[in-house]
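The values are calculated or read from the model by the stated rules, or taken from the named source; none is laboratory data. Since the structure is predicted, the reported quantities are computational estimates derived from the model, not experimental observations. Cβ coordinates were reconstructed from backbone atoms using ideal geometry, including for glycine residues, and neighbour counts include every protein chain displayed. To get the accessible areas, we keep the full protein, side chains included, count just its heavy atoms, and leave off ligands, DNA and RNA. Shrake-Rupley method; radii C 1.70, N 1.55, O 1.52, S 1.80 Å.
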Amino acid sequence: MADNGLLESVLRLVEKVDGGTDSQDVAADLGVDHQVIVGAVKSLQALGEVISAEQKSSRHWELTGEGREIAEQGSHEARVFNAIPDEGLPQNQLMKMPSGKVGFSKAMSNKWIRLDKAHEGGPRVFKTVEAIEDTVRDKLQLVQKGQSAKLEDKEKNELKKRKLLSEVTVKSYWITKGSSFSTTITKQETELTPEMIASGSWKEKKFKPYNFEAMGVAPDCGHLHPLMKVRTQFRQIFLEMGFTEMPTNNFIESSFWNFDSLFQPQQHPARDQHDTFFISDPALAHEFPQDYLERVKKVHSEGGYGSQGYKYDWKIEEAQKNLLRTHTTAVSARMLYKLAQQEKFTPVKYFSIDRVFRNETLDATHLAEFHQIEGVVADYGLTLGNLMGILHQFFTKLGITKLRFKPAYNPYTEPSMEVFSYHEGLKKWVEVGNSGVFRPEMLLPMGLPEGVSVIAWGLSLERPTMIKYGINNIRELVGHKVNLQMVYDSPICRLDS
Amino acid sequence: MYLNNKMLFSIHILADEEFDELCFEFGLELDEITSEKEILIREQGGEKAEGASDVVLYKIDVPANRYDLLCLEGLVRGLQVFKEKLEAPRYKRVSPADGGEPQRLVITEETASVRPHAVAAVLRNITFTQERYESFIELQEKLHQNICRKRTLVAIGTHDLDTISGPFTYTAKPPGEIRFKPLSQSREYTAAELMSLYKTDSHLRHYLHIIENEPLYPIIYDSNGIVLSMPPIINGDHSKISLNTKNIFIECTATDLTKAKITLDMVVTMFSVYCDEPFTVEEAEVVYPDGRLSVYPELAYRTETLSGDFINKRVGINESAESIAQLLTRMCLRSEVSGEGDLIQVEIPPTRADVIHACDIMEDAAIAYGFNNIVRSTPRTYTVANQLPVNKLTELLRQDLTAAGFTEALTFALCSEEDIADKLRKNITETRAVHISNPKTADFQVARTSLLPGLLKTIAANRKMPLPLKLFEISDVVLKDETKDSTFFPGRCAEIFSCGKSIGHLGVLHPDVISRFELTMPCSAIDIDIEPFL
């Protein structure tokens, strides 16, 4: 900031003139560089309404270095003329002068001098007129005095061509008195300090107004990932509904738990290399509850428990294949099997939200891994109406109240229902999840009591997150290529509003 | 599959909304409403579409287990029965009308090693039109892709019976000894020649692998040595069917007999509608190598008995047994109340191979009742919620880590071998990583053994962001066993112990690691196993 002395000098100058003054004139008056005055103007602006300054730009003509020399010492041709005595001067001597060359040719073309080539003792230069008028010098002196307006454009351009003048743009301020003009400087405070409060000095202080146009300083802090914020909300919903979290911390699963235990036949397309990631090391699983495995084999190959079965040659080798779990329902199967091993059945409500893997072709909505949300309820006498009822409660907590259900097919649930919600924006029904009642061929071999029904539903975590945060490409949400700015900027997640 | 307006009319429906609603209720997906012209414009451009039909078509997706809805004949029949405009037909297996011997297919023991099963049937006095013929071919193709698992489980061959004469022999021979003129070719080829000919065939090349490496190839001959087909690859040209074919011999060869029977039942139940005696199918005998004789198609009707109470309790409705029987009948499951209490006799037709348990019948009752007519009620199940300890701790740590100025990254659990080995200055064998056998790209070779590569890649992708970048991730890694660490800068790292147990590492990353992740700034990391804190 410019020192107060200078600022007050500027203010005194402004006080003297009505209607304001140009910062260039101020600089000339105070005899300082214009840039110093520009700095002073900015400092004064920061003090509030002391002055008002309007920026303007003006073009004006300025002498070049050579132009200044001529304004002082005369043009080259005038200097040559003045150097020639009445008896003339040998040309070679004249040419030795600093202005000799240029001055000689200009003076010749002005017809101020003549050259006698045949002169005895070598070529000699003589004056042809008594006196001359040095118009170049006069014009340059006019510009120097700030009176360039008196020259015609043609004249100025000619001088510019001779590199004696140049045109420059100057940014300056038109300074007028502000609403709280004063010739003395009172420093404005930026912050209210403890000292001011203690001494009461704040009462006399002037406080600098806030600049609400400024970007502000972002607080230095960490940010949670939006997908994980949504996960937290879904966990919260399940916990509010009395659901217990399942242990899903095992990405690797055997085909047995991922498919066979769910009564998914071994020839099912989902078990194809094109859909599932199989593990080469360790390729096979070896530990299975043997008697349960036998019951699973039987229900697939021969039926039982009131079922016809699939009537095919069930192979242990197929069940042993390790894979990256394709759904968290593999964990639900393990949990239901565990439940069936209890001495006495107790009703349960389970949930999980975790990663699953599909060997799919990747696009804007599909990645090789995504998060599955799953809810499971096991109790005596649960009905399809109960499943719809609980789905209604679940989706109400997500802010979705208009639901309808469509028959669907899934190898391990019967009935199976796709859940649709009415999208007010799109004005149509959109699928929001899948649900169903687990098949008896899955539950009874586990050892669950006959009257127990297990209802379940699932949806992806990514899709509602993308809708909530307005992200169209899943690759902008998940993975190392995401822009961290998206993470920094993502707002808090409130699913129900 | 595409359905046109004429067919909708046969279900007594004309308005699009009404049809959309019916599809939803029945569990079909009305994908789009279009026309032949529109499809051609989209797929091949405007010129090709000139003169194409602009009759409105409805594109419909069918549930994967409903083979009976895979062709127009079956779909329209199913919807007509559902709308009670038609009674479900009864499919009947009959002996040859002329009182003669049934057609016979003899299986030799050579087939045992490659494709041991076969079934057969005859459609008599059928009348094709262009539309019916195309639908017949299309159904076979759909069954091949679907229940037949791309012909690995079952392959269908259909033949003009009047061009061949039984008994037929299903055997297997070395490829060099098989020679015939295949469909759409002008000369004879050996089986070996065919296999190389079809290597470049966009359709057939997908099936070659099924028998390619077998010493014997399956082959079916008639009594004069004419080749009917070389399943599961191609039929012979001699017996090919046409619009004028009147009598069709159908054979299905298989590695899965159950699926072969279902496939045969589907083809004959769907298309016997065009026979002079609709819905009748002439039997064929199949003789096994051990002399056993079976008669096909099975066209078996099975009866299940269940109570109205069972349906009511499972669905959550309160209907009389009579009304439930009526609901089921609309789903092509002809049902009646048996007189004893509320017991219902349900007859499962050969078209409904998907019905294997009472729960499947229960679902059909619910569909016919209308899922959206069922009263929604809250289960009374009382439970106390528990969080998984590791997730509970994770949630708490995530909060405090962000409060400490760290931003949460979310990276992939799958990555390349290079990410977890070379780039971290480790040998892949010492990582104890779990390897994936069928990755489509290098990005899915292994499950991550460390969260570090994902975080470093996140920084590398965000080099334009202002420094410092402080990231964290709490998630699972997959290890076959415990590992040691050489990723850090020697003398600038430490192992972290808690209660005498090693739980992780912290330190400045080795400069090699930093540059291998295409980073230039120094980077430090901390890596802790949180499971010991549970």
key: Residue ID - nearest to the other protein chains (Cβ to nearest Cβ), chosen from residues in region B:20-61 that are outside any helix (DSSP H, G or I) and within 17 Å of residue B:83 (Cβ to Cβ)   = B:27
task = Could you please find all residues in region B:241-262 being open to solvent by 20 Å² or more (accessible area, probe 1.4 Å) and touching a residue at least 24 places away in the same chain (Cβ under 8 Å)?
result = B:242, B:243, B:244, B:246, B:255, B:257, B:259, B:261, B:262
Out of B:200, B:169, sole residue that is at pLDDT 95 or above and either open to solvent by 10 Å² or more (accessible area, probe 1.4 Å) or among the aliphatic types (A, V, I, L, M) (or both) = B:169
task = Could you grab me the full set of residues in region B:337-359 that are farther than 15 Å from residue A:411 by Cα and either among the aromatic types (Phe, Trp, Tyr) or in contact (Cβ under 8 Å) with a residue 60 or more places away in the chain (or both)?
result = B:349, B:350, B:351, B:352
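Quick grid of which residues meet (1) more than 10 Å from chain B (Cβ to nearest Cβ); (2) in contact with a strand residue (DSSP E or B) (Cβ under 6 Å, 6 or more places away or on another chain); (3) at positive phi; (4) of a type in the set (Val, Ile, Thr):
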position	(1), (2), (3), (4)
A:209	yes, no, no, no
A:264	yes, no, no, no
A:267	no, no, no, no
A:271	yes, no, no, no
A:287	yes, no, no, no
A:295	yes, no, no, no
A:303	no, no, yes, no
A:308	no, no, no, no
key: From A:299, A:356, residue being under 15 Å from residue A:461 (Cα atoms), touching a Leu at 6+ places or on another chain (Cβ under 9 Å) and more than 8 Å from chain B (Cβ to nearest Cβ)   = A:356
task = For residue B:89, work out the one condition from (1) part of a loop (DSSP other than H, G, I, E, B); (2) out of contact with any Ser or Thr (no Cβ under 6 Å at 6 or more places or on another chain); (3) over 25 Å from residue B:134 (Cα atoms) it doesn't fulfil.
result = (3)
message = Residues that are farther than 25 Å from residue A:348 by Cβ, open to solvent by 60 Å² or more (accessible area, probe 1.4 Å), away from chain A (no Cβ under 11 Å) and part of a strand (DSSP E or B): does region B:282-301 have at least one?
response = yes
ask   = Is it the case that region B:120-141 has a residue that's farther than 23 Å from residue B:244 by Cα, open to solvent by 20 Å² or more (accessible area, probe 1.4 Å) and more than 14 Å from chain A (Cβ to nearest Cβ)?
value = no
remark   = Filtering region B:373-396 down to residues that are in contact (Cβ under 8 Å) with a residue 60 or more places away in the chain and at the interface with chain A (Cβ under 7 Å from one of its Cβ atoms) yields B:377, B:390
Those strands (runs of 3 or more DSSP E) lying entirely in region A:16-131 with at least 1 residues of a type outside the set (S, T, N, Q), modelled with pLDDT under 85 and buried (at least 16 other Cβ atoms within 10 Å of the Cβ) = A:51-63, A:124-127
message = If a residue must be in contact with a helix residue (DSSP H, G or I) (Cβ under 9 Å, 6 or more places away or on another chain), under 30 Å from residue B:331 (Cα atoms) and outside any loop (DSSP other than H, G, I, E, B), how many such residues does region B:94-137 contain?
response = 10
ask   = Looking at region B:341-354, is at least one residue in contact with a strand residue (DSSP E or B) (Cβ under 7 Å, 6 or more places away or on another chain), within 27 Å of residue B:510 (Cα to Cα) and open to solvent by 30 Å² or more (accessible area, probe 1.4 Å)?
value = no
request  = Taking the residues in region A:293-323 that are in contact with an Asp or Glu (Cβ under 6 Å, 6 or more places away or on another chain) and of a type in the set (Val, Ile, Thr) as candidates, determine which candidate is nearest to residue B:300 (Cα to Cα).
outcome  = A:299
Residue count, region B:368-381 (criterion: within 20 Å of residue A:453 (Cα to Cα), in contact with an Asp or Glu (Cβ under 9 Å, 6 or more places away or on another chain) and surrounded by fewer than 17 Cβ atoms within 10 Å (Cβ to Cβ)) = 1
query = Looking at region A:476-497, which of its residues are surrounded by 15 or more Cβ atoms within 10 Å (Cβ to Cβ) and more than 11 Å from chain B (Cβ to nearest Cβ)?
reply = A:476, A:493, A:495
message = Can you list the helices (runs of 4 or more DSSP H) lying wholly within region A:145-245 that have 2 or more residues being within 32 Å of the chain's Cα centre (by Cα) and at pLDDT 80 or above?
response = A:226-240
query = Can you tell me which residues in region A:3-15 are outside any helix (DSSP H, G or I) and either crowded, with 18+ Cβ neighbours inside 10 Å or basic (Lys, Arg) (or both)?
reply = none
query = If we scan region A:412-422, do we find a residue that is touching a residue at least 12 places away in the same chain (Cβ under 8 Å), open to solvent by less than 40 Å² (accessible area, probe 1.4 Å), within 13 Å of another protein chain (Cβ to nearest Cβ) and not in a strand (DSSP E or B)?
reply = yes
request  = With the checklist (1) surrounded by fewer than 20 Cβ atoms within 10 Å (Cβ to Cβ); (2) away from every other protein chain (no Cβ under 14 Å) in hand, flag the one item residue B:313 doesn't pass.
outcome  = (2)
request  = Look at region A:382-396 and say how many of its residues are more than 7 Å from chain B (Cβ to nearest Cβ) and surrounded by fewer than 17 Cβ atoms within 10 Å (Cβ to Cβ).
outcome  = 1
query = What about residue A:259, is it within 37 Å of the chain's Cα centre (by Cα), open to solvent by less than 40 Å² (accessible area, probe 1.4 Å) and among the aromatic types (Phe, Trp, Tyr)?
reply = no
Residues located in region B:316-325, provided they are without any contact (Cβ under 8 Å) to a residue 40 or more places away in the chain and either in a helix (DSSP H, G or I) or surrounded by 15 or more Cβ atoms within 10 Å (Cβ to Cβ) (or both) = B:321, B:322, B:323, B:325
Contacts under 6 angstrom Cβ, first residue in region B:469-498 being within 11 Å of chain A (Cβ to nearest Cβ), partner modelled with pLDDT of 85 or more and assigned to a strand (DSSP E or B), 6 or more apart = B:471/B:407; B:478/B:447
query = Residues in region B:422-436: is at least one surrounded by fewer than 16 Cβ atoms within 10 Å (Cβ to Cβ), modelled with pLDDT of 90 or more and assigned to a helix (DSSP H, G or I)?
reply = yes
query = Can you pull out the strands (runs of 3 or more DSSP E) entirely within region B:467-534 that have at least 2 residues that are touching a strand residue (DSSP E or B) at 6+ places or on another chain (Cβ under 9 Å), within 20 Å of residue B:421 (Cα to Cα) and open to solvent by less than 40 Å² (accessible area, probe 1.4 Å)?
reply = B:501-509
